[in-house]
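The block underneath contains the structure these notes are about, expressed in structure tokens.
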Amino acid sequence: MPNRLDLPAGFRWGVSTAAYQIEGAVTEDGRGPSVWDVFAARPGTVRDGHTGAVACDHYHRYPEDIALMKGLGLDGYRFSIAWPRVQPTGAGPVNPPGLAFYDRLVDALLEAGITPLPTLFHWDLPQALEDAGGWLNRDTAYRFAEYAAVVADRLGDRIPAWITLNEPFVHMVYGYALGIHAPGRTLMMDALPAAHHQLLAHGLAAAALRERGLEVMIANNLTPVWPASSSDADLAAAEAYDALHNRLFTDPVLLGRYPDLAAYGVGPDLGGCVHDGDLKLIAATPLDGLGVNYYNPTRIAAPTDPGLPFTFVDIPDVPHTAFGWPVVPDGLRELLTGLRDHYGAALPPITITENGCSTTETSEDQPRIDYLSAHLDALAEAVAQGVDVRGYFTWSLMDNFEWAEGYHQRFGLVHVDFETQKRTPKASYAWYRDLIAAHRAYLSR
Ligand code: FCB
């Protein structure tokens, strides 16, 4: 059995974060409001009324955070750029102090020997664009491409590879279908234009990045889908869920087509939002890498009510994280080999752009070490089975604002005291640091 030390030469070790979850400083230096500022301010949206207004105060404390990253011996750092810092209303003139923050961050990372891996959109849409329809409005895709070009012109001389979007699936479903995340819309299947317009935005931004000689990735949330039984009804439900969660966001970018969504009563034009030529555009710039965010498999049974063609069911007999997410490390191997089998030659090299587990303020840290080590062994197994995986970025560097859960779910290698902003490395921080060093030593033996 291969293990994590068998990961190949050149494999890149990293950590991931996102702007709204760590930066704070939401009104500083001309930043405009984002959908998350507005959503979190609304009573009843985020647990205990928490908001990202201060978060980890990373906007001011980034040198300390980069020192922590340096202590881990990281190759790369995945972070996101807040669109409303760069363009406060999502369009038009650039806000120079906002862009300057990322300029300083990038220089400080490079000085620490860490390659920046930016994500251009991790859910914090400028509120002005939301007021004009957000991702339901096709125009948002064109605004995104302009924003991407502005940022790439400023930082592209120092950053080789770029991620356009983070988890367009979660953003569409939680933000536009169910209303659990910003912008809090509850449109169910009428949220589909938010999927298409994000993918169109990806395609337009990918072209802008490529024109500037930069590499392009997307970070998708992917899950192995397990039918609850081998009955035809459960198999059909699992197939329908796989199309929605996985293939809706990956087939267009890799294969230039949408999966069959007939189970949702939707045709190939997703209810009319797909225009001629859009799919060609979405797939036109081949990805240099696919970012995979993996947390757990999803078990699916036949629908119990007529609204949707599937029902979620629990995965029994496995541990669950503090969030209640099932812990199934081998699901990562299954996911990766499944991607290779499904996409074949169309699959670019993979980077794990998120993987990790949450604990609470009072839990121990050992479950995180167990989670990470088992997932990395499963990753090594996938590599041994022939999947091309180039790096692993754990979620997350430090405890942060976990969206609708506020500060209650702690995903960090570093503990953050949100009263004092004191950072304290956990046992998993030392474990990850030692693993990275051991892997390097193993390769050079
Ligand atoms: C992912 C998000 C990330 C973080 C983790 C726990 O869906 O991309 O921001 O919240 O979940």
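Quick notes on this structure:
- Gained length - R104 relative to E64, 0.36 nm times residue gap less alpha-carbon distance: 13.1 nm
- Estimated FRET transfer efficiency when R0 is 41 angstrom, pair E28-A430 (beta carbons, to 0.05): 0.75
- Taking the DSSP beta bridges with both ends in segment 4-443, the antiparallel portion is around 20 percent.
- In segment 222-299, the alpha-carbon atoms span a convex hull of 90 Å³ per residue.
- For T115, the residues 5 or more places off, or on other chains, whose built amide H falls under 5 Å of its own are G76, Y77.
- Bridgeable lysines around K70 (alpha carbons under 18 Å apart, same-chain partners fewer than 8 residues away excluded): K422, K426.
- Residues whose placed amide H lies under 5 Å from that of V216, excluding near-sequence neighbours: W162, D288, G289
- Springs join every pair of Cα atoms under 10 Å in this Gaussian network model of the chain, and among F11, F169, F79 the largest mean-square fluctuation is at F11.
- For R390, the amide hydrogen comes within under 5 Å of the amide hydrogens of I350, T351, I352, counting only partners 5 or more places away or on other chains and with H modelled in the peptide plane.
- Summarising the label geometry, the points placed 7 Å from Cα in the beta-carbon direction at Q385 and A112 lie 3.5 nm from one another.
- Candidates A378, A201, A41: whichever shows maximal mean-square fluctuation once the chain is modelled as a Gaussian network with Cα springs under 10 Å: A41
- Residue by residue, segment 97-110 carries 3J(HN,Hα) couplings of x, x, 5, 5, 4, 5, 4, 5, 4, 5, 4, 5, 5, 4 Hz when phi is fed to the Karplus relation 6.51 cos²θ - 1.76 cosθ + 1.60 (θ = phi - 60°); x denotes Gly or Pro.
- Per-selection Kirkwood Rh - the chain (Cα, Å, 1 d.p.): 22.0
- HN-Hα J in Hz across segment 156-169 - Karplus 6.51, -1.76, 1.60, θ = phi - 60°, x for Gly and Pro: x, 5, 10, 10, x, 10, 10, 9, 6, 10, 9, 6, x, 4
- Karplus-based coupling profile of segment 214-224, in residue order and whole Hz: 9, 7, 10, 9, 10, 10, 9, 7, 10, 9, x, with θ = phi - 60° in 6.51 cos²θ - 1.76 cosθ + 1.60 and x standing for Gly or Pro.
Readers should treat all values here as calculations from the given coordinates under stated rules, not as data from a laboratory. Model, not experiment: these values are computed from the prediction. Glycine also receives a Cβ, built like all others from the backbone with ideal geometry; neighbour counts cover every protein chain displayed.
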